[in-house]
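Coordinate-derived values only; no laboratory data. None of these values were measured; they are calculated from a predicted model. As a convention, Cβ positions derive from the backbone with ideal geometry for all residues, glycine included, and neighbour counts pool all protein chains shown.
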Amino acid sequence: MKMSALLIPLGLLVATPAMAGPAPVASARHSEASIPFADHGGVDDWRAGDSHTIYFRDNHRQWYRAELMSPSYDLPYVEDIGIDTRPNGTLDKFGAVIVKGQRYQIASFERVDGPPSKGSKGLHRIDAVKAKPAK
């Protein structure tokens, strides 16, 4: 009798998740985005949105928005930045950017349609890896 009294509640615990229905699907907007090989030419272009936001374009012309954990007041005015991808070489929400020697951790990284249009101000090319020395 005691054994059946223990099995009935156990059976209900196992059946409960099956009755709950399918798990909600994450929206495409909040999916985890990343740029592979960012340390080897995977990032083609970047644009500063403001002191908290950077837009990156990969070599497939897809744009991404990175929100920084803390403001970088020099970001809208610099001509080049560093990308810290750590050992895996992928730029994602675990990466960081370096502006004038200061490291800024990325808080969120998501795929977007493109940066807000501001003319050509703030548009930069990252060609450090592709650059050829002048003759």
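The label-point distance for HIS52 and TYR73, in a model that sets each label 7 Å from Cα toward Cβ, rounds to 1.6 nm. For region 33-125, a Kirkwood hydrodynamic radius built from all Cα pairs, placed in the Stokes-Einstein relation at 25 °C and 0.890 mPa s, yields a translational diffusion coefficient of 191 µm²/s.
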